[in-house]
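Working notes, beginning with the structure itself.
The values are calculated or read from the model by the stated rules, or taken from the named source; none is laboratory data. The model shown is predicted, which means the values in this text are computed figures rather than measured ones. FYI the Cβ positions are ideal-geometry reconstructions off the backbone, even for glycines, and counts take in every protein chain you see.
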């Protein structure tokens with residue numbers, strides 16, 4: 001056994017550790033939430049990943065993204081994420097896509113994937129991921145909004161149709177219901193936003209006017225505030241749910 005994971009094996013057993021090792025997880029979005037999902041999963045012993053993100057590390061990411069340092073500013077997030085993961089476990093097999101996930105992308109998701117993690121900010125892409133996962137019968141967990149929040153203890157794991165407070169969750173409920181999707185595992189916060197910079201209307205504009213430059217500019221101005229200990233907690237909660245689902249953990 002790899003000595004790195006002895007403590008994990010003591011907790012979940014060698015059989016489950018081997019199950020994690022062989023699993024393949026696809027993470028969409030490597031920001032404040034997604035970067036911590038990857039961190040938690042790599043340190044849990046998962047060795048096969050697909051990472052998808054089209055952004056570069058920016059200096060404004062340093063306050064909340066584990067891959068963001070003075071040395072990684074300007075680098076593609078997928079490259080910085082892969083490098084960090086390999087420094088934790090050199091045996092990891094990591095495929096990266098430095099791109100924005102679109103509806104016509106057919107070369108990323110297939111039935112070899114054991115779990116999909118959605119940490120994307122864009123509603124249209126989130127919906128497409130859920131639709132694709134349901135079609136291929138791949139388990140998926142989706143992160144709801146973590147911006148403008150200050151209390152990490154307010155996060156909950158729930159079905160999308162049992163959520164409240166979160167504006168993003170409200171829009172997702174409506175859009176998924178229209179598409180006949182009756183369930184989605186999510187992590188969301190019951191904390192009321194401190195600043196309502198990103199409002200429900202922006203999410204709806206994104207869906208209805210996806211190619212409208214005026215709406216894109218509007219969304220750029222509505223940048224949410226953030227802090228280190230909120231999206232990170234959401235990311236680690238998601239990592240925990242992925243691990244528990246893969247090993248079929250029952251209380």
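Would you say residue 79 is part of a helix (DSSP H, G or I), more than 24 Å from residue 248 (Cβ to Cβ) and without any contact (Cβ under 8 Å) to a residue 40 or more places away in the chain?
yes
Only one of 11, 51 is over 18 Å from the mean Cα position of the chain (by Cα) and farther than 16 Å from residue 234 by Cβ; which?
Selected residue: 11, the only one of 11, 51 that is over 18 Å from the mean Cα position of the chain (by Cα) and farther than 16 Å from residue 234 by Cβ.
Going through the range 148-172 one residue at a time, which ones are over 16 Å from residue 185 (Cβ atoms), in contact (Cβ under 8 Å) with a residue 60 or more places away in the chain and surrounded by fewer than 22 Cβ atoms within 10 Å (Cβ to Cβ)?
Selection gives 148, 150, 151, 152.
From the list 154, 174, 190, which one is in contact with a helix residue (DSSP H, G or I) (Cβ under 8 Å, 6 or more places away or on another chain) and modelled with pLDDT of 95 or more?
Of 154, 174, 190, the one residue that is in contact with a helix residue (DSSP H, G or I) (Cβ under 8 Å, 6 or more places away or on another chain) and modelled with pLDDT of 95 or more is 190.
Condition (residue is buried (at least 21 other Cβ atoms within 10 Å of the Cβ) and part of a loop (DSSP other than H, G, I, E, B)) applied to the range 98-107: is it met by at least one residue?
yes
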